[in-house]
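Let me begin by presenting the structure, written as structure tokens, before commenting on it.
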Amino acid sequence: SIFIPSLLLFIVLVVCGLLIVYGFDNATAESRKQTAISVAEQTDLFFVRVLENAFLPLFTMSMFIQELPEFHDLDLMVGDRCNPASDPLNCTESTSAPPLAGKETTHRDLAGLFNTTEGRIIQRKFDTIASSIKENSGLGKALVNIQLAPKGVVSMLYPMVNCEDFVGNPRVEEGYCMNNTGAWGHDLLNDPKRVGIARATVPAKGVVTAGPLNLIQGGDTFIARLPINMDPDEGHIMVVDNVTYPCWGFVVVLLDWSTLKEQSNIYKEFENEKMQFKLTRTDMINGEEVVKSIAESENSEICASGNVTLDLDTGDNGWGISVCFND
């Protein structure tokens, strides 16, 4: 008679103990999940703020272009793409910057436009303005280049060679410099690798972002572009897919991805929480979505499915983050 009540009491105690352990485990897992979500959201907020800070250099440079006569007609000087070799009837007398020999598809030859007294004066004016904008941008070493692309052709870059912003960067080789000379004359609307982004920028009502992408000059870089709308009656037009837009061209800023990752503390934050992560973007390639990793922790392979997966607000090409919080 004593045995049965004792057995029942034992069973009750065991069940209660299991329920307590189960509840504790659930509470711990839920706490870890909320921490993972919080860190992921803070990461997203950092990159969103960086992009917002990048807007100021774009809009400031845009105002200079529209107000200063040195820059106002640069798009007319660069002109529409015209190749005498393929269209001698219409292009023999063209004053547009011609395709660059050896890179006819992707570049224009700007030497005749800028290797002149007037061209050098314009370049010095741009360097002075861009230097001041870069210094006061609040982006520090992350803002590595400011560009003007009249008619979608990269015509002015500051700095042309950038070593200073990469000193002490642990994620690039010691002595690395960003050499932008190969980007000079880059015809963004005709380079098959960049035409999609360029065509999306011309009709845009605001800033268009892309990346991080591996550029001609090397390094993974986040790109922000702003189209500059001007009076089409003065000849400021660009044609995309047979539609004419009142567009001068673009202002472009380049943000170094390795520096942004360091500034975000993304690796340290997840390491401190003993969590793994994988940050991805989604590209459209030949009409298909392709997901690419742009940052990940050392053991991110365990995030194949992800304990938490969030879509982020950063950029225009589908960023997402997977976080593994289970030990």
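For the range 117-226, what are the per-bin percents of Cα-Cα distances with bins 10 Å wide, up to the bin holding the maximum?
Cα pair-distance distribution for the range 117-226, in percent: 13, 45, 35, 8, 0.
Restrict the search to the range 103-189; then list the GluC sites (Glu not before Pro) that DSSP places in a loop and that have at most 13 other Cβ atoms within 10 Å of their Cβ.
Answer by residue number: E173, E174.
If you project the alpha carbons of the range 214-254 onto their three principal axes, what span does each projection cover, largest first, in Å?
Extents along the principal axes, in whole Å: 40, 19, 13.
Where the convex hull is taken over the Cα atoms of the range 137-176, what is its projected area averaged over directions, in nm²?
Taking a quarter of the hull surface, the average projection is 3.6 nm².
Straight-line reach from K274: which lysines have Cα under 30 Å away, leaving out those fewer than 8 places along the same chain?
By straight Cα distance, K274 reaches K33, K141, K261, K292.
What translational diffusion coefficient, to the nearest whole µm²/s, does the range 110-150 have by Stokes-Einstein, given a Kirkwood radius computed over alpha-carbon pairs, a temperature of 37 °C and 0.692 mPa s viscosity?
Here the translational diffusion coefficient equals 286 µm²/s.
Read-outs throughout are calculated quantities, based only on the coordinates presented, and are distinct from any laboratory measurement. This structure is a prediction, so every number in the text was calculated from the model and none was measured. Note that each Cβ is placed from the backbone with ideal geometry, even for glycine, and that neighbours are counted across all protein chains shown.
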